[in-house]
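Shown next, in structure tokens, is the structure this report addresses.
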Amino acid sequence: MNIAIKAFLLLSIAASTALTNAAIASSSPDNTVVLTRAFADDTYGEYQITVLKRALDVTPEYGDTTLKLHPQPMSQSRQMRTLLNGKADVMWSVTSQSREEKLIPVRLPLLRGYSGHRVFVVNPAKQTEFQRAASLDELKQKQFVQGADWPDFTILEANGFGVIGETWSTWFTSMYLLVERDVVDGFPRNVIEIHDGIRRLNSKKLTIEGRHLLSYPNYEYFFVRGDRQALADRIRLGLIRLIKSGELAQIFNSIETHQLANEIVNDTNRLVHKLNNPLISYQLNYADWINTPELAVKAMEKEMGYMSLAIDSSD
């Protein structure tokens, strides 16, 4: 190896080690990480909770820590306020420029970008009507519902859809009721969450529309409160290690609703309608990190300032 290059690499690793030690030393003396949640249901967010716990488990050099769920379920906007007020440390959510400015985003799409793949919950009586719709313009003539504080509400509205906003409620009951009662034509849900929601409500007046698929850049991240940079880097490093070991892919693929989502996304009989997302100014080339693990690792390392080079013992 060229002596100058070797010297540069040694200096880079030394600097990276110093940064890492400083970050670890500055981490909160309170070894508790509080995660917010939307619902009191024991299974809601089980995947995200498992991933976060494992990311903390595989980074022991940052010290022992305990992951706790915030006792109060709350809307996404209230979760943000809870982090900004210092009463919690981490939330997971679809990203937006505003959220990335106020909190620290860990830019690994937890759902492989599937947050931007949406199909409609409809009343079975509407199925034929949707089947006849052959264009995006025809879909835009219909009336839909979304959570009022979801980024997806803004995305759909910006793309010309007729959409009303409904306030947060337990398991979105009110939004599903609007579909059951034909007040709206449909409820766009991401392909991972749609099966579980319908299953929980167990209503004969709710089904998955079978012809259309909306697709736009949309990523669900962990967000960390602004004064816990070391925690954000710990989560990034943990995700790197889980990707490299293959464990993150195993966790993702072990969940039935994720398997069902794969079937929807890869269904060649569906009409795919591409939409714009005005809330973010970028697209990721590693969103599907199962198929692009090297790109995902490099992106996480870049966000950390390549600190993982100094502390990942597997390298």
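The values are calculated or read from the model by the stated rules, or taken from the named source; none is laboratory data. Just so we're clear, the structure is a prediction, and the values are computed from it rather than from any experiment. With ideal geometry, Cβ positions are generated from the backbone for all residues, glycine too; neighbour counts draw on all protein chains shown.
So A287 passes all but one of these: (1) at pLDDT below 95; (2) under 26 Å from E157 (Cα atoms). Which condition number does it fail?
Only one criterion in (1) at pLDDT below 95; (2) under 26 Å from E157 (Cα atoms) is unmet by A287, namely (1).
Go through the range 229-246 and give me each residue that's surrounded by 15 or more Cβ atoms within 10 Å (Cβ to Cβ) and either more than 30 Å from G86 (Cβ to Cβ) or in contact with a strand residue (DSSP E or B) (Cβ under 6 Å, 6 or more places away or on another chain) (or both).
L231, A232, I235, R236, I243, K244
Among (1) among the hydroxyl-bearing types (S, T, Y); (2) surrounded by fewer than 16 Cβ atoms within 10 Å (Cβ to Cβ); (3) in contact with a strand residue (DSSP E or B) (Cβ under 8 Å, 6 or more places away or on another chain), which single condition is S93 missing?
Going through (1) among the hydroxyl-bearing types (S, T, Y); (2) surrounded by fewer than 16 Cβ atoms within 10 Å (Cβ to Cβ); (3) in contact with a strand residue (DSSP E or B) (Cβ under 8 Å, 6 or more places away or on another chain) one by one, S93 breaks only (2).
Name the residues in the range 143-166 that are within 24 Å of A261 (Cα to Cα), in a loop (DSSP other than H, G, I, E, B) and modelled with pLDDT of 95 or more, would you?
N159, F161
Closer than 22 Å to T95 by Cα, in the same structural domain as F39 (by TED's automatic domain parsing) and touching a Phe, Trp or Tyr at 6+ places or on another chain (Cβ under 9 Å): which single residue out of I235, I194 fits that description? Let's see the steps before the verdict.
Values: I194 fails: in the same structural domain as F39 (by TED's automatic domain parsing).
That would be I235, the only listed residue that is closer than 22 Å to T95 by Cα, in the same structural domain as F39 (by TED's automatic domain parsing) and touching a Phe, Trp or Tyr at 6+ places or on another chain (Cβ under 9 Å).
For Q250, work out the one condition from (1) touching a residue at least 24 places away in the same chain (Cβ under 8 Å); (2) outside any strand (DSSP E or B) it doesn't fulfil.
For Q250, the failing item is (1).
Here is a list of conditions, (1) assigned by TED's automatic domain parsing to the domain that holds P293; (2) at pLDDT 95 or above; (3) part of a helix (DSSP H, G or I), and Q127 meets all of them except one; can you say which number that is?
(1)
Using the structure shown, decide if K87 is touching a residue at least 40 places away in the same chain (Cβ under 8 Å), more than 23 Å from V272 (Cβ to Cβ) and either assigned to a helix (DSSP H, G or I) or touching a strand residue (DSSP E or B) at 6+ places or on another chain (Cβ under 9 Å) (or both). Break it down stepwise before answering.
On the way: touching a residue at least 40 places away in the same chain (Cβ under 8 Å): yes; more than 23 Å from V272 (Cβ to Cβ): yes; either assigned to a helix (DSSP H, G or I) or touching a strand residue (DSSP E or B) at 6+ places or on another chain (Cβ under 9 Å) (or both): yes.
So K87 passes the test.
Condition test on E180, is it touching a Gly at 6+ places or on another chain (Cβ under 7 Å) and more than 29 Å from M80 (Cα to Cα)? Full working, then the answer.
Numbers: touching a Gly at 6+ places or on another chain (Cβ under 7 Å): no; more than 29 Å from M80 (Cα to Cα): yes.
Spelling it out, it is not the case that E180 is touching a Gly at 6+ places or on another chain (Cβ under 7 Å) and more than 29 Å from M80 (Cα to Cα).
Are any residues in the range 167-177 outside any loop (DSSP other than H, G, I, E, B), surrounded by fewer than 22 Cβ atoms within 10 Å (Cβ to Cβ) and without any contact (Cβ under 8 Å) to a residue 40 or more places away in the chain, and if so, which ones? Spell out the reasoning first.
Taking the range 167-177 as the starting set, the residues that turn out to be outside any loop (DSSP other than H, G, I, E, B) are 170-177.
Add one more test, that the residue is surrounded by fewer than 22 Cβ atoms within 10 Å (Cβ to Cβ), and what stays is 170-171, 173-174, 177.
Correct list: T173, S174, L177.
Hey, R54 hits all of (1) on the phi < 0 side of the Ramachandran plot; (2) modelled with pLDDT under 95 but one; which does it fall short on?
(2)
Within the range 114-153, which residues are of a type in the set (V, I, T) and surrounded by fewer than 23 Cβ atoms within 10 Å (Cβ to Cβ)? Let's see the steps before the verdict.
From the range 114-153, those of a type in the set (V, I, T) are 119, 121-122, 128, 145; that's our starting set.
Of everything in the range 114-153, just one residue is of a type in the set (V, I, T) and surrounded by fewer than 23 Cβ atoms within 10 Å (Cβ to Cβ), namely T128.
Filter the range 178-224 down to residues that are farther than 22 Å from Y44 by Cα and under 21 Å from the mean Cα position of the chain (by Cα) and give me whichever is surrounded by the fewest Cβ atoms within 10 Å (Cβ to Cβ).
Among residues in the range 178-224 that are farther than 22 Å from Y44 by Cα and under 21 Å from the mean Cα position of the chain (by Cα), the one surrounded by the fewest Cβ atoms within 10 Å (Cβ to Cβ) is S215.
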